[in-house]
Amino acid sequence: MVAGTSGMHGMMYYRGHPEIYNHWAREGNLGWSYDQISHYFERMENPIDPTILSDKPRSLKEGGPMTIQYYPHKPDFVNVLLTAASELGYRTSLLKEYNQTGFMIAPMTVENGMRLTTSRAYLRPVHDRKNLRVLTNAQVTKILIRPWEQKAYGVELVDKNGYKRVVKCDKEVILTAGAIGSPHILLNSGIGPEEDLAKFGIKVFKNLPVGKNLHNHVSVAVPMSIKDIPYEIMTMDAVNQYVENKTGPLASSGLTQVTGFLESSYAINGVSDIQVFFDGFIPLCSKTGLIDECINGKFQPDCPDRRKIIARPTVISTESRGDLKLRSNNPLDPPLIYPNYFTKEKDLMILLEGIKKVSKFVDTPAMKKWDLRLEQVKSPLCSDYHFGTDAFWMCQIRAKTGPENHQSGTCKLGPSTDPSAVIDSQLRIHGISNIRVADASIFPIVPNSNPIAGIMMVAEKAADMIKNTWS
């Protein structure tokens, strides 16, 4: 889709801890330390309040195309969550850069009460440029490569009518299809593990570990409930308020605007390895905005006059690595994805610590006023274990963990001496000229936060690289 995941993600904007990017640089990726890339964040950001993103003064006078601000509305329970976090000893505002740990209301990519996508911010203002043409409902099937030069000269695609077309380039092919789409296109183009491509009779142009290093942030739900309060969201007053002013309950996503960054016992140098998301008070048609809501006994007879809240501790520093492979030699077939979650037990132990940390909210004075309770999870797969024990939660993690859709790393950035690398520090494919990749697939390690800021930073940096190459 036009705008990619910025058109469907949670809108939370956070750069990630600087040490993540410094680690990229220490792996031999010149020009990728935090100090070297921070101005690319600034170039795209237009923060209503610059202090929510950095303690350093902005180096640019003009704001970028991406408006960064808070939602214009928040449920009252947002403040209760932050009070409880403060009672547990956490910081509750201005988490940024090297001071990441704590809870806060997160900055969002919103403008005038609406989601701000990259297409709205970047494409719409220049849609009438003569050198820009956007094909919608078209799918690139492979990159065309001249074997005697090992050089790309265009792409093959299927248009919205199902016709195969060829688009040639004078300079280079820029691949921004994401952590799933970009490796899929490269594999179909003959760039990838030689043994895997040979199975489907695909001519190999370069034997590279495309599709390897797949990693993601993963979470598990910890359901809770509070005593019910009269708080209706989908009312005509709320609809009118949004239509007229783009404010009110429909101009936010409820409790999802609150997030926490925590450190497990495995965390190093203050780099958070747990992120916490919350669900509840969401503007949907059900009263709480949650499926199977626990409210007035309507769905859950054993919890009358209760309102459900969900905390989702999330591992944001995963060591487990998966793989992406071709399903067939038909480029329109979706790839096979093997995420391999929890193949490293450390990831599981970090998530267990996250569950224990969010469970402590129950004992805070602020939450006792709301009668916050852990709701007993009933899972057939874990019925042999007593609810609340480590053994139960370890089982629940394995049974019910879900992806945060922050997939990354499948075209890894790294020097040619790195056997796991696919692209160099200029985002060019090792051994094939005229192809550049600029999306989440290049992350050696995904930033320890919602990754959209890092993805846009990569695109801004890529734009400079392209201009410098061809100017």
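The values are calculated or read from the model by the stated rules, or taken from the named source; none is laboratory data. This one's a predicted model, so the numbers in the text were calculated from it and none came from an experiment. Neighbour counts run over all protein chains shown; Cβ positions are idealised from the backbone, glycine included.
S328 satisfies every condition listed in (1) crowded, with 17+ Cβ neighbours inside 10 Å; (2) at negative phi; (3) of a type outside the set (V, I, T); (4) touching a residue at least 24 places away in the same chain (Cβ under 8 Å) except (1).
Across segment 195-249, the qualifying residues are those that are in the same structural domain as I350 (by the TED database), free of Cβ contacts under 8 Å to residues at least 60 places away in the same chain and among the aliphatic types (A, V, I, L, M), and the one among them that is surrounded by the most Cβ atoms within 10 Å (Cβ to Cβ) is I233. In summary, A84 fulfils each of the numbered conditions (1) more than 24 Å from A251 (Cβ to Cβ); (2) assigned to a loop (DSSP other than H, G, I, E, B); (3) assigned by the TED database to the domain that holds A366; (4) of a type in the set (A, V, I, L, M, F, W, C) with the single exception of condition (2). The number of residues in segment 87-108 being assigned to a strand (DSSP E or B) and among the β-branched types (V, I, T) comes to 1. If you check I432, I466 for being closer than 30 Å to M66 by Cβ, surrounded by fewer than 24 Cβ atoms within 10 Å (Cβ to Cβ) and in contact with a Lys or Arg (Cβ under 9 Å, 6 or more places away or on another chain), only one passes: I466. Only one entry of D371, D418, D384 meets the criterion of being farther than 21 Å from S219 by Cβ and assigned by the TED database to the domain that holds G16, and that entry is D418.
Conditions (1) of a type in the set (F, W, Y); (2) in contact (Cβ under 8 Å) with a residue 60 or more places away in the chain; (3) outside the structural domain of E460 (by the TED database); (4) more than 25 Å from S182 (Cα to Cα), marked per residue:
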residue	(1), (2), (3), (4)
Y14	yes, yes, no, no
I37	no, yes, no, no
E45	no, no, no, yes
I48	no, no, no, yes
G89	no, no, yes, yes
S93	no, no, yes, yes
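In segment 130-164, the residue that is surrounded by the fewest Cβ atoms within 10 Å (Cβ to Cβ) out of those that are in contact (Cβ under 8 Å) with a residue 24 or more places away in the chain and among the basic types (K, R) is K160. The set of residues in segment 187-243 being part of a helix (DSSP H, G or I) and within 25 Å of the chain's Cα centre (by Cα) consists of L187 alone. Against the test of being of a type outside the set (A, V, I, L, M) and surrounded by 23 or more Cβ atoms within 10 Å (Cβ to Cβ), the options F387, F443 yield a single qualifying residue, F443. Reported count of residues in segment 110-129, each being of a type in the set (F, W, Y) and assigned to a loop (DSSP other than H, G, I, E, B), is 0. When the residues of segment 40-62 are filtered to those that are over 20 Å from N99 (Cβ atoms) and of a type outside the set (S, T, N, Q), the one that is modelled with the lowest pLDDT is K61. Scanning segment 97-118 for residues that are surrounded by fewer than 20 Cβ atoms within 10 Å (Cβ to Cβ), under 20 Å from N46 (Cα atoms) and out of contact with any helix residue (DSSP H, G or I) (no Cβ under 7 Å at 6 or more places or on another chain) yields E111, N112, M114, R115. In this entry, T67 is excluded by the filter for residues that are hydroxyl-bearing (S, T, Y), surrounded by 15 or more Cβ atoms within 10 Å (Cβ to Cβ) and out of contact with any strand residue (DSSP E or B) (no Cβ under 8 Å at 6 or more places or on another chain).
The selection criterion, being crowded, with 20+ Cβ neighbours inside 10 Å, in contact (Cβ under 8 Å) with a residue 24 or more places away in the chain and β-branched (V, I, T), does not hold for I310.
Scanning segment 1-30 for residues that are of a type in the set (D, E) and under 23 Å from L94 (Cα atoms) yields one hit, E19. Residues in segment 254-285 that are under 15 Å from S317 (Cβ atoms) and over 17 Å from the mean Cα position of the chain (by Cα): L262, E263, S264, S265, Y266, A267, I268, N269, G270, V271.
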